[in-house]
Amino acid sequence: MDERKVEVREHLFEDDGRIPNNPALPLLVYPQALAEHDQGPSRAKQLLAGNGWGGSWVNGVFPYHHYHSVSHEVLIVVGGSAEINFGGPDGETVKVEAGDAVVIPAGVGHCREGSGGGFSVVGAYPRGQESYDLRTGEEGERPGVLENIRGVPLPETDPLFGEEGPLLGRWSG
């Protein structure tokens, strides 16, 4: 893969009072980052592991707003397509399809609004962040989650392109 040929779209979300989001780090969308022959679950898991992202799994995206306060997350779409809302109920809906990847900063809400064609993703976390939490914006979660989010270290590598990937420049802290 050649990261110079991949478009990267950024989306920055402010705290909406329920979903904290991450005002310092943008959500990154890599449309059609994987060639068709690289889109299978096992190939995606291999790619992520080779770039230092672990704890991988294959599934979908929950149909309710949630986020992780102790880890960043990458989703690689390996089947079908979906509309995923990022940033909470007032955030932005992004259509994703097989071959797309999304890097979600700690704290950024995500919720599947619809899907088709056998939608599935491979998800993973940066080295050292494989123990993620699942938060839904309940009142009792604050202020602990805000402190957690601020303490999540930046990834050492881009999940798709390793040490030379666009994530490192865009998330320079």
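How charged is the neighbourhood of Leu75? Take every other residue with its Cβ under 11 Å from the Cβ of Leu75, and add Lys/Arg as +1 and Asp/Glu as -1.
-1
Modelling each spin label as a point 7 Å along the Cα-to-Cβ direction, I'd like the Gln46/Asp133 distance in nm, to one decimal.
3.6 nm
Give me the dipole magnitude in Debye, nearest 20, for the range 3-166 about the Cα centre, with unit charges on the beta carbon: positive for Lys and Arg, negative for Asp and Glu.
Rounded to the nearest 20 debye, it is 340 debye.
Mind putting a number on the dipole of the range 75-163 about its Cα centre? Charges go on the C-beta only, +1 for Lys and Arg and -1 for Asp and Glu, and I need it in Debye to the nearest 20.
80 debye
Considering only C-alpha atoms, what is the centroid distance from the range 78-115 to the range 123-173, in Å?
Cα centroid to Cα centroid, the span is 16 Å.
Can you give me the relative contact order of the chain as a percent, contacts being Cα pairs under 8 Å and 6 or more apart?
30 percent
Summing -39500 (n - 2.57) over the DSSP H runs of n ≥ 4 in the chain and dividing by its residue number, what mean residue ellipticity at 222 nm do you reach, to the nearest 500 deg cm²/dmol?
-3500 deg cm²/dmol
Compute the FRET efficiency between Val58 and Glu113 as 1/(1 + (r/R0)^6), taking r as their Cβ-Cβ distance and R0 = 22 Å, and round to the nearest 0.05.
0.60
Normalised by the number of residues in the range 4-79, what is the relative contact order in percent for Cα pairs under 8 Å and 6+ residues apart?
Across the range 4-79, relative contact order equals 26 percent.
On a 0 to 90° scale, report how tilted helix 41-50 is relative to the longest principal axis of the chain, with both axes built from alpha carbons and the result rounded to the nearest 10.
So the helix axis and the longest Cα principal axis differ by about 70 degrees.
What length, rounded to one decimal in nm, is gained on full extension from His11 through to Ala24, with 0.36 nm per residue of separation minus their alpha-carbon distance?
3.6 nm
Which one, Tyr64, Ala124, Val96, is farthest towards the positive end of the dipole of the chain when Lys and Arg carry +1 and Asp and Glu -1 on their Cβ?
Selected residue: Ala124.
Taking the chain as a Gaussian network, where each spring joins two C-alpha atoms under 10 Å apart, which residue of Ser56, Ser69, Ser42 fluctuates the most?
Between Ser56, Ser69, Ser42, it is Ser42 that shows the largest mean-square fluctuation.
So what is the relative contact order for the range 72-173, in percent, with contacts set as C-alpha pairs under 8 Å and at least six apart?
The value is 27 percent.
Order of Thr157, Thr136 from fewest to most other C-beta atoms within 10 Å?
Exposure proxy ranking, most exposed first: Thr136, Thr157.
Which residues does the label zone of Leu168 cover in the range 91-132, counting backbone N under 15 Å from a point 7 Å along Cα→Cβ?
Within reach of a label on Leu168: 127.
So what's the net charge close to Asn85: Lys and Arg +1, Asp and Glu -1, counting the other residues with Cβ under 10 Å from its Cβ?
-3
None of the figures in this text is laboratory data; all of them are computed from the coordinates on show. It should be emphasised that the depicted structure is a prediction, and the values quoted were computed from it without experimental measurement. Note that we place each Cβ from the backbone using ideal geometry, even for glycine, and neighbour counts take in every protein chain shown.
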